[in-house]
Structure formats: structure tokens, C-alpha cells
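Structure, as C-alpha cells:
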Amino acid sequence: TITVDPAAQGAAIDDTMYGVFFEDINRAADGGLYAELVQNRSFEYSTADNASYTPLTSWSVTGAAEAVNDSGRLNERNRTYLSLGAGSSVTNAGYNTGIRVEQGKKYDFSVWARAEGGTTLTVTLKDAAGTLATARQVAVKGGWARYRATFTATRTSNRGRLAVAATNAAALDMVSLFPRDTYKNQPNGLRKDLAEKIEALRPGFLRFPGGCLVNTGSMEDYSEASGWQRERSYQWKDTIGPVEQRATNANFWGYNQSYGLGYYEYFRFAEDIGAMPLPVVPALVTGCGQNKATDDEALLKRHIQDTLDLIEFANGPATSTWGKVRARMGHPRPFHLTHIGVGNEENLPHEFYARFQKFRAAIEAKYPEITVVSNSGPDDSGTTFETAWKLNREGGVDMVDEHYYNSPQWFLQNNDRYDSYDRNGPKVFLGEYASQGNAWKNALAEAAYMTGLERNADVVKLASYAPLLANEDYVQWRPDMIWFNNRASWGSANYEVQKLFMNNVGDRVVPSRATGTPSVSGPITGAIGLSTWATSAAYDDVKVTAADGSTLLSDDFSDGAARWKQVGGGSWSVQDGQYVQTDAAAENTLVTAGDPAWKDYDLHVKATKKSGK
Ligand code: AHR
């Protein structure tokens, strides 16, 4: 029986409550939301991004061609270019199975080229069965300049290749092929089906660009033999301006990020989908399994100034220094930034908070109207979490970002999590959460949990499922909300739940009470959630034992592979009083099939910390 009192006034629910969190993980940007079809278009892939990369990754060569990094380059921040010999050609393989083209649709090719003596480029779109469009010829003469051509596909293919051949020697860079048909026809735009799926959610906000992506490598430098040196961390200023002038960078998730999808494009996308933009900047304390904090005051000062400049880029008048840059890029009107996140999942709460306070003080002094979002580390509970919350609470922080990835059972059992949160303390931004799976039961557990978020809408102000996108051929993390390859995209069951909530945001909670909760009888065939997460960087091993001392799960990280590890994947069943792992590949559940009644399991988790941490 559900008793509802329509006259009672529950918490007001903000229109922005449910949003999306975009991170370039699982190749969500290049080869994903960013519509560029050429992979490694500027020959910048390097071993700094991934041990297997070279500047010619994704390119094949016929004849003579080499990647060159010298003073003849197109731009200081676009280091490498291709030197193509006379009578030679290069072919790009695109992403997934290749370049996707659809019959009758237009594709815009462009290239920056230099050929002092003059050359003719022949540009071809083809697959193993033959040509996919009429070849184009481009006459090149003189120093670096941009050349363009348009193709109309004569066939549909998921396995296209783009080839560029030169009659005489030429230098090439930024070899690009874009579908004409991008989301809202924006230049340097987004893949339509993916952007439309995100738009269909009607998200209240867009958190970007990460995640671990923003915060790792903050204190590391790239340096080249040439003496060129720059920071490795994600810096918004690297990602704006003409694309050929943007630096590329290593991505935390093990590949290269072109920054073609950069801060301007993120703000524009937020505006296009009617979402509040919510950028996150690095706090100069690395999170995500790493424990480092900068003591370099000058570096910290520069990042704080960069953050103030970011706010001016978003909100300043077109006459201001950074507002002018935004206007020049095509958006004289401000982007109406109201919230900004500083840091992500720092494991060192004291170190983080000390630096966060400096960002916060500077932002509040210049832009008192901006909400500065702090965070609570990588977990839903525990010492780091408690310490972070204590500091945030005592410091009167406006909003704290929480992240957790737990079993569906955890979500069902913790529906009341926010009922006991301090009504006068910082508000909660649940910036990342997901139950561990894309099955219906996961979606259902998340839906149940979201009713708990909504009931506490006076405390939980913003919530976003994570991660948002996954390219099925380049998966670093699962589950994910929307999946895709080079030709199709599909929403998970979890996507449907998010869509349901985001499209039906109420104005106010109507208090209700349920009685007569159904009881369970008969043998239990369900699953008991059991998972623990640890990082090989911080722990030597992790063990889960039952009350009788028997080991249920253990991992000594001997494979050394994973940064973050879910210990104890697989299904377990009780056979002859022993726990037996029945399906290592399935979800990590402890199955008690056939048990006569509910049983209490007294589980003990022991993680041995690495010495000195
Ligand atoms: O959403 C995937 C990752 O999970 C994010 O990068 C990080 O913040 C969290 O650990």
C-alpha cells in the first residue's frame, strides 16, 4: 500500500538535477562523438600516448613517406607532419572497421599542404570492392595552405579508406574528412546519431571533459630532443582556437586525444542540447590511483589563473581578452557558466583540500556568483571519503562531488543513503555512479536508487550516470550508457532509465509511504552482490573471507595490468559447503542458488596497503 499526501510539500527538484557526464574514455571523442573520420590526422600519435603508437599509426604508405618533426612544421604546437615523396601515396584506415560513408551523402575533405615546386594531390575514397566516390584532384603550390574537396558517396560502406597520392613531393598535415551532416550542422562538429541520443535524454547539465582524464599527469612534462617542452595535464587552453593550432595530448585512458573536440565545442554542445555546462579542471593533485600533489607554487598559480581565464572565456563580454577568443571562434554571446568543478577523485584529501581552497578563493573573489564544486575522493565511504567530507563541511564548501560504482544490490540496499545527510551542509553533486552492468536488473536497481536521490532533492542537486559513451572496439570501462561502432549506436537499458527520469523531472517531491513490503518465500535463486575495488598502485593484495575464515576472493595483482581492479569477478555458488566460482566471466555476484532460506554472510575484506602509503 502506498500512502500519498498530495498536500504535503516535499523538496523542490531543480530542472538541472539529472545530467550527463562526458569523458573521453572508450574513445568517446576521437572516433566517437567528434565526427572526424580520419584517425591520427596530424601525425601526432606517439609512444607518449601508447607504447604501440608511431606517427604513422593508422596510415599505410605506398612509395616514400615519412613523418617529420622539424622547423618546417605547420605550427609550433602541431609538431609532426608528413613528407610525401613524388609518385607516392598514404592511406588512412579510420576507426573500427574503417571510414563509414553513406550513399548520396556529402563528405568534406581538407588538408594543409606545402609544395614549393607544386604538386597535384589525388584524393580517393575506396574500400576493398572499389571506389566509394569520384576521386578529387587538388593542385598545391607554395607554402602551407589549406586545400579542400567534397565527395558524394556513391555507395555505402563501413570499411572505407582515404588515400592521398602526390605527383611531386609535398608536405601534408591535418588530413581530414568530415561528414557534411554533423549535429546541428556545426562546423568541426559532432556525430549526429550520438549527439542526438544525448540530446534525447534532455540532460540538465553536461559535465566534461573527465574524470580521471583531467587530473592525471598534472605534474609531468612532455619534452622533446628539440627542447620543446610542455605539461601533460589536460589544459583547456590547449583545446581551443583553429584545430590545426591545437596541441594533441596523451589521454589517461591510453590513447591520443586530438582536442578537435575541445572546450569551445563542449560549451557549444551544452548550449545545443539545452544543458548547463559544468567543466572540471585539474587541482594539481593527482587522483585515480596516483598520489602526488604539486608543491610548485608558480605552477599552481598559473593553473588558478587559467581557471579564471576559463570563466572569462565562457562568460566574459566579447571585448574581454578571453571573451574575444570565444567570439572569434563564432560565439560572441556568453555560454552562461554557473558551476565549475576543481579536481577529480583525489586520494589525498588534505593535500587536495589545501589546493582546492586556493582555487576557490580566487574564483570567489572574482566571480562570487560561480559555484565551485569540490569532491570526496574515489569511494562512497571510508577514511578518504570521511576526511574529504569533514574538510568540505568545515570549510563551508557549496557542493561536493561523489562517485561510486557498486553492485545492483548495493543500489537497492542504499536507497536511503541521503536521508541522513546534513540539510545544512554542502550540497551533493553525484557526478559518477553506475551499478556494475548493462542488464535490465542494473537499470532497475539504478531507477530504484534514483527515487532515493529525488526524495532527497534538497541535498542531491545534480546526478549523472557514468561513463556516457563506449566505442565497442576500444573499451576501457564497462558498463556504459550509450554504445557505438563506426556505423551505429544504441542505448543500454540504463540509458532508458536515465531518459525516463530526465524527461520527467518533477517540480516537487510528494512525500509517500509504503507498507506491506512483499516477502520472499521458497528457495533463493538470486544473487548476493559482492565486489571490492582496489588499485594495484596502492595495495599489495586484497582478500575477502567468510566468517569461518575460508577465502572467497583474493587477488595479489600479480598480472600487474590493471590500475583499478574489480576483485572477484564471476559467479560463485555454494557446493558441499564450499564457495565455488562458477562463471569467472560473468558479473561478480555470489550466487546462493538452491539455498533454503535467506542466510547471513559475515564477510571480511582485508586489503594490504603498500608500505608507506
Ligand atoms: O567514469 C570512469 C572513471 O571512473 C572516471 O574517469 C573516474 O572519475 C572514475 O574513477
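Laboratory data are not the source of any read-out in this text; all were calculated from the coordinates shown. What you see is a predicted model; the values in this text were computed from it and never measured. Neighbour counts run over all protein chains shown; Cβ positions are idealised from the backbone, glycine included.
Summary table below
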| quantity | calculated |
| --- | --- |
| Karplus-derived HN-Hα couplings along region 434-441 (A = 6.51, B = -1.76, C = 1.60, θ = phi - 60°), whole Hz, x at Gly and Pro | 5, 7, 7, x, 10, 7, 4, 5 |
| Rounded to the nearest 20 debye, dipole of region 276-389 from Cβ charges on Lys, Arg, Asp, Glu | 700 |
| DSSP-assigned coil residues among GluC sites (Glu not before Pro) in region 361-399, each with at most 12 further Cβ atoms within 10 Å | Glu369 |
| Label-point separation, Ala488 to Asn168 (7 Å along Cα→Cβ), nm | 4.9 |
| FRET efficiency, 1/(1 + (r/R0)^6) with R0 30 Å, evaluated for Glu116 and Thr152 via beta carbons | 0.40 |
| Farthest toward positive dipole pole in region 9-55 [+1 Lys/Arg, -1 Asp/Glu at C-beta], among Gly31, Tyr18, Tyr53 | Tyr53 |
| Restraint check, Lys141/Lys197; Lys358/Lys461; Lys324/Lys358; Lys126/Lys441; Lys441/Lys461, Cα-Cα greater than 32 Å | Lys141/Lys197; Lys126/Lys441 |
| Cβ-Cβ FRET estimate between Asp221 and Gln245, R0 fixed at 22 Å, reported to 0.05 | 0.60 |
| Net charge of neighbours whose Cβ lies under 12 Å from the Cβ of Tyr147, counting Lys and Arg as +1 and Asp and Glu as -1 | +3 |
| Region 45-121 - convex hull of alpha carbons, volume per residue in Å³ | 145 |
| Region 370-445: trypsin sites (Lys or Arg not before Pro) falling in loop per DSSP and having at most 13 other Cβ within 10 Å | Arg423 |
| Distant-in-sequence amide H partners of Asp401 (H built 1.01 Å from N, under 5 Å) | Ser374, Asn375, Ser376, Phe429 |
| Rounded if a/c under 1.5, otherwise prolate or oblate - region 263-340, Cα gyration tensor axes | oblate |
| Calculated FRET efficiency for the pair Ala51/Asp458, C-beta based, R₀ 60 Å, to 0.05 | 0.75 |
| Backbone HN-Hα couplings from phi across region 488-503 [Karplus 6.51/-1.76/1.60, Hz, Gly and Pro as x] | 8, 9, 8, x, 7, 4, 4, 4, 5, 5, 4, 5, 4, 5, 5, 7 |
| Interchain or long-range residues, amide H under 5 Å from Met276's placed H | Phe205, Leu206 |
| Cα-based convex hull volume of region 415-506 per residue, rounded to whole Å³ | 96 |
| Sequence of Cys288, Cys212 once ranked by neighbouring C-beta atoms within 10 Å, starting from the fewest | Cys288, Cys212 |
